[in-house]
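Participant: Supplied in structure tokens, the structure appears directly below.
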Amino acid sequence: MKRLTLISIALAAPVLSSCTGSLGVQPGDAVVPPQMGDPMIEVVVLAADDLGVLEATVVANGATVHASAGESPTVTWKKVPIELEAAAEGFQPFTFTVTDYPDAGRIEFRLEPVVLQGRVTSDAGRPLPGVSVSLGGITDETDNEGRYSIERATAGTIMLDRPAWSHGEYAWDGVLDRYDMSMVPEFIRAIRVAAADLLDEDRWEALLSIADATGVNGLVVDLKAEDGTVVFPTEVATANSIGAVSSYFELADVIGAAEEHDLYLIGRVGVFQDDFFAAAEPDHAVLDEDGSLWRSRNGFAWLDPSDPASFEYAISIAKEACDKGFDEIQFDYVSYPFGGDVSSAVFDGAYNQEVRVASINAFLTRAYSVVHGLGGCTVSSTLLGIVLESGSDEGVGQRPESMSRIVDVLAPTLYSTNYGAGWRNFENPDDHAVEIVDSALRGGRGRLDGHGYLRPWLQTWTISKADQRAVQMIVEESDTGWMLWSNSANYSAEALPSR
């Protein structure tokens, strides 16, 4: 609601002192004594929001009144009405007719600021929180409902910025007091780069060449691997003290190469599957009934997602990479254990869907507050592809509805080879990769109710190059991009989009 514009006439001297400094006059006095000629009226223009003196344009009976530097404009009182207009950039203009000479020879205008309000939403119409909305050097950040408010707004270009979303610009004419805008997701097509790929200089150069020659515009680089190995010389003390560090590359080298080739850089950080931290801190790990570390069929130990003390280690590694210059951090293995008999697993909290989902959401909320809130990076999380279409959390604590309200990007693993016989009535789902991925995306998009969007992982093995590209094109219809997984950096230009 707009406040009423205030105009103050005949203010007492003490008020003048507190606002604009004493003029050395008393009520009834004129700035210029009457015996020396016509009296003068001083026109003071203040901002109503903070009572600061404004550099304003004052017009008296159609003529602009000019003032000396550092002084307020004055008009001559000739005992006839004066129509005064006061205007300042970013404020509502005001007009007042002076019919009597004011006490103290002074008129004070208090101009209300121009307030531009509106909402920023996704292209799907969902509110976008945390958007930086800038206009003429003034910036506000949207709230959880996507609302913003710019005070002292002046006509110009509104700029929108938010991690995971493309920079937006809108021209505002200065007339409308409400302006709603939308943003579109960053369109990323990325390939995975393992630590071993970076250690092999020829392979690393080949991957950069593939990106240069195709429509690939991003890289997903392993930072903390499946077993918990930290693959760069981290400054995180815990990683070094538990023997988890095995240096394959320097962060600065990877960041520099990505910048040189204009590639979006995603750092992949494994979270709860971690042999090193589990062995060093078994109190924070998933245990077996006999008190030993619980392990999956692949032999991996897991941290306990229901124990908040297991959160900070992975987050600190992610924060370091973000601070160094990565564009996005993708948290992997953000789930309860899978790939083994969890019936014997012991957790701090109860093992039911409510607790599992709450635990995973608690980790993501904490990670987001650190990596996005303090570091400014996009935050993404992998999730099992099947949960996009499942009515439950599949025992891992992942629900796309709540996850989309926390992170920027959800990265489901949509590998047709992971789906068992009979899924969608296909005897061999891997022969129907396009249909499998299309069905998963349709099911998943309808369940997102937050600002997060889908950018899936796609496979490069078991299906033909033609099917690889066909699957990519299905995903690209949503304008959110994809990521390709390969254990051996086996990417073919034939299976990739053209530049």
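The numbers here are math on the coordinates, done by the rules we state, and not lab data. This structure is a prediction, so every number in the text was calculated from the model and none was measured. As a convention, Cβ positions derive from the backbone with ideal geometry for all residues, glycine included, and neighbour counts pool all protein chains shown.
Participant: Per-residue counts of other Cβ atoms within 10 Å, averaged by peptide: what ranking do you get for 113-119, 240-246, highest first?
Facilitator: 113-119, 240-246
Participant: Based on the Cβ-Cβ distance from E235 to N144, what FRET efficiency comes out when R0 is 35 Å, to the nearest 0.05?
Facilitator: For E235 and N144, the calculated efficiency is 0.55.
Participant: Assuming 0.36 nm per residue, please report the length gained on full extension of the stretch E55 to S296 beyond their Cα-Cα distance.
Facilitator: 79.7 nm
Participant: Using alpha carbons only, how many angstrom separate the centre of segment 313-327 from the centre of segment 119-194?
Facilitator: 25 Å
Participant: With a cap of 16 neighbouring Cβ atoms within 10 Å, and only residues DSSP puts in a loop, list the GluC sites (Glu not before Pro) found in segment 57-143.
Facilitator: E71, E89
Participant: Could you give me the radius of gyration and the Dmax of segment 39-130, taking only the C-alpha atoms into account and expressing both in angstrom?
Facilitator: Radius of gyration, then largest Cα-Cα span, for segment 39-130: 18.3, 63 Å.
Participant: For the ranges 213-224, 459-470, 360-371, what's the packing order if you count other beta-carbon atoms within 10 Å of each residue, average per peptide, and put the highest first?
Facilitator: 213-224, 360-371, 459-470
Participant: Continuing with the same structure: Determine the percent antiparallel among the DSSP beta bridges restricted to the chain, to the nearest 5.
Facilitator: 50 percent
Participant: Let me ask another. With a point put 7 Å past each Cα toward its Cβ, work out how far D212 is from Q92 in nm, to one decimal.
Facilitator: Going from the D212 label point to the Q92 one covers 5.9 nm.
Participant: How big is the chain by the Kirkwood estimate over distinct Cα pairs, in Å?
Facilitator: Computed over Cα pairs of the chain, the Kirkwood hydrodynamic radius comes out at 26.7 Å.
Participant: Cut-off under 19 Å on the C-alpha distance; same-chain residues fewer than 8 positions from K224 excluded. Which lysines are left, in chain and number order?
Facilitator: Leaving aside lysines fewer than 8 places away in the same chain, those within reach of K224 are K319, K324.
Participant: So if each residue of separation counts as 0.36 nm, and I subtract the Cα-Cα distance between D227 and E205, what length gain in nm does that give?
Facilitator: Gain on stretching D227 to E205: 5.3 nm.
Participant: For the peptides 95-103, 194-202, what is the packing order when you average, over each peptide's residues, the other Cβ atoms within 10 Å and list the highest mean first?
Facilitator: Output ranking for 95-103, 194-202: 194-202, 95-103.
Participant: On to the next question. If each DSSP helix of 4+ residues adds -39,500 (n - 2.57) and the sum is divided by the residues in the chain, what number results at 222 nm, nearest 500 deg cm²/dmol?
Facilitator: -6000 deg cm²/dmol
Participant: How long are the semi-axes of the ellipsoid equivalent to segment 115-183, from square roots of 5 times the Cα gyration tensor eigenvalues, in whole Å, largest first?
Facilitator: Working through the eigenvalues yields semi-axes of 18, 12, 11 Å.
Participant: Tell me, what is the FRET efficiency for E259 and A470 to the nearest 0.05, using R0 = 30 angstrom and their Cβ-Cβ distance as r?
Facilitator: The calculated FRET efficiency here is 0.40.
Participant: Treating only the Cβ atoms of Lys and Arg (+1) and Asp and Glu (-1) as charged, compute the dipole magnitude of the chain about its Cα centre; round to the nearest 20 debye.
Facilitator: Here the size comes out at about 1260 debye.
Participant: While we're on this one: Using 7 Å Cα-to-Cβ label points, what is the S343/F426 separation (nm, one decimal)?
Facilitator: Label at S343, label at F426, 3.1 nm between them.
Participant: Could you work out how much longer the chain between A362 and K78 gets when fully extended? Use 0.36 nm per residue separation minus the Cα distance between them, nm to one decimal.
Facilitator: Fully extending the segment from A362 to K78 adds 95.0 nm.
Participant: Still on this structure, please answer the following. If Lys and Arg each add +1 and Asp and Glu each add -1, what is the summed charge of the other residues whose beta carbon sits under 9 Å from the beta carbon of V379?
Facilitator: Charge balance in the 9 Å sphere: -2.
Participant: What does the net charge come to around R297 if you take all other residues with beta carbon closer than 15 Å to its beta carbon, with K and R at +1 and D and E at -1?
Facilitator: Once all neighbours under 15 Å are counted, the net charge is -4.
Participant: Which net charge results when you count Lys and Arg as +1 and Asp and Glu as -1 among the other residues whose beta-carbon is under 13 Å from that of F426?
Facilitator: The answer is -4.
Participant: Also, quick follow-up: Suppose R0 equals 51 Å; then what is the FRET efficiency for E169 and Y101 from their Cβ-Cβ distance, rounded to the nearest 0.05?
Facilitator: That gives a FRET efficiency of 0.50.
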